[in-house]
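The values are calculated or read from the model by the stated rules, or taken from the named source; none is laboratory data. None of the values given here were measured: they were computed from a predicted structure. Positions of Cβ are generated from backbone atoms using ideal geometry, with glycine treated the same way; all protein chains shown enter the neighbour counts. Each accessible area value is taken on the protein alone, full model and side chains, heavy atoms only, with ligands, DNA and RNA left out. Shrake-Rupley method; radii C 1.70, N 1.55, O 1.52, S 1.80 Å.
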Amino acid sequence: MSGLPKKEECVRVVVRCRPMSRKETEDNRQKVVEMDKHRGCVILHNAGGSGEPPKTFTFDQVYDDTSQQEVLYQETAARIVDSVLEGFNGTIFAYGQTGTGKTFTMEGVNDPPELRGIIPRSFAQVFEMIAARGGENTEFLVRASYLEIYNEDVRDLLSKQTTNKLELKEAPESGVYVKDLTSYVVKTVRECDKLRDFGAKNRHTGATAMNQDSSRSHSIYTITVESCESRADGSSAIRMGKLNLVDLAGSERQSKTQATGDRLKEATKINMSLSALGNCISALVDGKSTHIPYRDSKLTRLLQDSLGGNTKTVMIANMGPADYNYDESISTLRYANRAKNIKNRSEEHTSE
Ligand code: ADP
Ligand code: MG
């Protein structure tokens, strides 16, 4: 299939555009986004007769408004989940303005099952693979945790005390970890789903109590898979891989400079952590940087061992199709483009 990356590539950036909403259609909004799936291009037109030429950006892969959850999963997430069972770490991010499909992409809709997103599909893949591989010689242990980063505070979504603030700690062998984070052993997809629902509710009640909403926090659902393989000679091989499923805070506040007070504080922190993430990814992709600025935010510190190196990372940048989102769409494409600028896919070049 055209446009798929080389095997050794460890960081991918793809873009997904959601369909027009009913409201946008009713309001006669103009669709300004065009996608060329074969060349991995997004073409953004500036409506309103400004005469500005369309802008073209090129990525590892693009997904238009007809893209299916299953295809997106197979092309972006499946190989990461695969490698987690082999003992590698992997991270899947959804980036974008609020309302562009981050949660739809990560969680999706349970019914009909075709609309399920990356998180439930990952659970299913993990347990399918365990069922296929586990047996007399290999035992698996799967654990799940779910947290949120709001205003640079880490909150445990699986804890009964939602107002807790957890500390990040660093240990020589295990690296950065969250002190006292709840982690549950899970044996089935259903158990994973239940924890996700519990955490999502926790996120919501925490949100009302603190007058925040999910679009201002990053959420990370982590599945850790440990396996112990007993060999014929009596020795054993132990592996551990971690899968981080990240629904990022809405990126739009980056550009809303008129905010004041609490909103300004939130905006500054979101801006800071999203730009720290972008900086880390672009330094990793560059391959020449000797310094990866993980320490610049809690998000990147926490994910330090799951970004770059021997790990696999994919960022799905989500955008809306309509004219009134033009500025936000440009800003999302620039962010994604800076995280990973792909040149020379064909004779065409990026105009940014
Ligand atoms: P975000 O998490 O980025 O704020 P959501 O995932 O909540 O955005 O999406 C906003 C709305 O658009 C939801 O009603 C969602 O179901 C719908 N939506 C998003 N992406 C798609 C898509 N690819 N196909 C169909 N509906 C979508
Ligand atoms: Mg969301």
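Here are the numbers:
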read-out	value
Test set (1) under 30 Å from Ile330 (Cβ atoms); (2) away from ligand 1 (no atom under 16 Å from the Cβ); (3) among the hydroxyl-bearing types (Ser, Thr, Tyr) - Ser122 fails condition number	(1)
Of all residues in segment 105-114 being out of contact with any helix residue (DSSP H, G or I) (no Cβ under 6 Å at 6 or more places or on another chain) and in a helix (DSSP H, G or I), the one that is nearest to ligand 1 (Cβ to nearest atom)	Thr105
Residue count, segment 273-290 (criterion: under 17 Å from the mean Cα position of the chain (by Cα) and without any contact (Cβ under 8 Å) to a residue 40 or more places away in the chain)	4
Of all residues making up segment 1-18, the number that are modelled with pLDDT under 85 and basic (Lys, Arg)	2
Members of segment 80-100 found to be open to solvent by 20 Å² or more (accessible area, probe 1.4 Å) and within 16 Å of ligand 2 (Cβ to nearest atom), listed by number	Gln97, Thr98, Gly99
Residues (more than 28 Å from Arg295 (Cα to Cα) and surrounded by fewer than 20 Cβ atoms within 10 Å (Cβ to Cβ)) located in segment 171-186	Val185
Residue identified as open to solvent by 20 Å² or more (accessible area, probe 1.4 Å) and at pLDDT 85 or above among Met319, Met272	Met272
Some residue of segment 117-130 being acidic (Asp, Glu), under 23 Å from the mean Cα position of the chain (by Cα) and more than 30 Å from Arg231 (Cα to Cα)	no
Residue within segment 106-116 that is without any contact (Cβ under 8 Å) to a residue 24 or more places away in the chain, β-branched (Val, Ile, Thr) and open to solvent by 30 Å² or more (accessible area, probe 1.4 Å) present	yes
Count of segment 272-318 residues which are aliphatic (A, V, I, L, M) and part of a helix (DSSP H, G or I)	10
Complete set of residues in segment 117-139 that are part of a helix (DSSP H, G or I) and surrounded by fewer than 15 Cβ atoms within 10 Å (Cβ to Cβ)	Glu128, Ala131, Ala132, Arg133
Qualifying residue in segment 302-323 (condition: acidic (Asp, Glu), within 16 Å of ligand 2 (Cβ to nearest atom) and over 16 Å from the mean Cα position of the chain (by Cα))	no
Residue match in segment 205-220 (condition: away from ligand 2 (no atom under 16 Å from the Cβ), modelled with pLDDT of 90 or more and touching a helix residue (DSSP H, G or I) at 6+ places or on another chain (Cβ under 8 Å))	no
Segment 221-256, subset modelled with pLDDT under 80 and within 20 Å of the chain's Cα centre (by Cα), residue farthest from ligand 2 (Cβ to nearest atom)	Gln254
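Quick grid of which residues meet (1) part of a strand (DSSP E or B); (2) on the phi < 0 side of the Ramachandran plot; (3) touching a Phe, Trp or Tyr at 6+ places or on another chain (Cβ under 8 Å); (4) surrounded by 15 or more Cβ atoms within 10 Å (Cβ to Cβ):
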site	(1), (2), (3), (4)
Ser145	yes, yes, yes, yes
Gln161	no, yes, no, no
Lys169	yes, yes, yes, no
Cys192	no, yes, yes, yes
Arg196	no, yes, yes, yes
Ala200	no, yes, no, yes
Arg203	no, yes, no, yes
